[in-house]
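Visitor: Shown below is the structure under consideration.
Each reported figure results from applying straightforward, stated rules to the coordinates on display, with no laboratory input. What you are looking at is a predicted structure, and each value in this text was computed from that prediction instead of being measured. Neighbour counts are summed over all protein chains in view; Cβ atoms, including those assigned to glycine, are modelled from backbone coordinates with ideal geometry.
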Amino acid sequence: RNGRRVILVVSDGADNCSRYSRTEVFQMARESDVQVYTVGVFAYETWGARMLERLADETGGRYYRVTRRSDLGEIAERIG
């Protein structure tokens, strides 16, 4: 009924035994015609942060980085 599909990814950016490679994830996201909004929750910058940002950019979504726990409410409102 709604023409727009969105996926929300909340991650610490770490790769813990992924089933799919980064290349496969990006390919599937592009092919599925879905916007991916990502929320990075981590203590320091990692390659995972850059991946989350790129995934959001390439699918028309948006990347948010949580720096304080109190940021979560505002981020949730923006995504909603």
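Visitor: Please give me, ordered by residue number, the chymotrypsin sites (Phe, Trp or Tyr not before Pro) of region 19-80 that lie in loop per DSSP and have at most 16 other Cβ atoms within 10 Å.
Guide: TYR20, PHE42, TYR44
Visitor: Provide the net charge surrounding TYR63, with neighbours chosen by a C-beta distance below 10 Å and charges set as Lys +1, Arg +1, Asp -1, Glu -1.
Guide: Charge balance in the 10 Å sphere: +2.
Visitor: May I pose another question? Quote the charge dipole size of the chain about the Cα centre in Debye, to the nearest 20; the model charges only the Cβ of Lys and Arg (+1) and of Asp and Glu (-1).
Guide: With Lys and Arg at +1 and Asp and Glu at -1, about 180 debye.
Visitor: Which of the peptides 8-14, 55-61 is most tightly packed, and how do the rest follow, going by the mean number of other Cβ atoms within 10 Å of each residue?
Guide: 55-61, 8-14
Visitor: Still on this model: Report ³J(HN,Hα) in whole Hz for each residue of region 59-76, in order, from the Karplus equation J = 6.51 cos²θ - 1.76 cosθ + 1.60 where θ = phi - 60°; Gly and Pro get x.
Guide: Calculated HN-Hα couplings, in order: 10, x, x, 8, 9, 10, 10, 8, 9, 9, 3, 5, 6, 4, x, 5, 4, 4 Hz.
Visitor: Per DSSP H run of n ≥ 4, the term is -39500 (n - 2.57); total these for the chain, divide by its residue number, and report the mean residue ellipticity at 222 nm rounded to 500 deg cm²/dmol.
Guide: -12000 deg cm²/dmol
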